[in-house]
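Throughout, read-outs are computed from the coordinates displayed, never taken from laboratory work. From a predicted model like this one, the values you see are computed outputs, not experimental measurements. In this analysis, Cβ positions are derived from the backbone assuming ideal geometry, glycine residues included, and neighbour counts consider all displayed protein chains.
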Amino acid sequence: MTTRRLTPRARGLRQVGGLAEDRIWARLRGGAVDGWKVRRQHPVGRYVVDFACVPLRLVIEIDGGAHERDDAVMNDHYRQQAIEALGWTVIRFTDENALTDPARIDAAIRERAKTLGL
């Protein structure tokens, strides 16, 4: 699927995010973490990811309870492999982690920038 075909889907997903995604977006938007711009519900390859920092090629996924089912775990694994094959790094947080310790997400962005020497 092309990015052009994913864009309307991504726009729709921005409107129906869960509590954890909404809170993390409020925290990350506008380059709030050291000036690193993050996009919400951004197409990467044939997928739409929860958050993407394009300059760092970093994907941040916030996984709700549905991601604990066996079929979802397997789908997430294959999806992550495909995204990483495009040169992106994927990090995952549960809804609970995102809500109770959002600073871990900030730290992950900083660590990725540091790894890249930026």
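Summary of computed values
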{"item": "Residue-count net charge about Ala52 - beta-carbon cut-off 12 Å; Lys, Arg +1, Asp, Glu -1", "result": "+3"}
{"item": "Spin-label model distance (nm) - Ala103 vs Leu116, 7 Å beyond Cα toward Cβ", "result": "2.5 nm"}
{"item": "Estimated FRET transfer efficiency (Leu19, Gln81; beta-carbon r; R0 30 Å; 0.05)", "result": "0.60"}
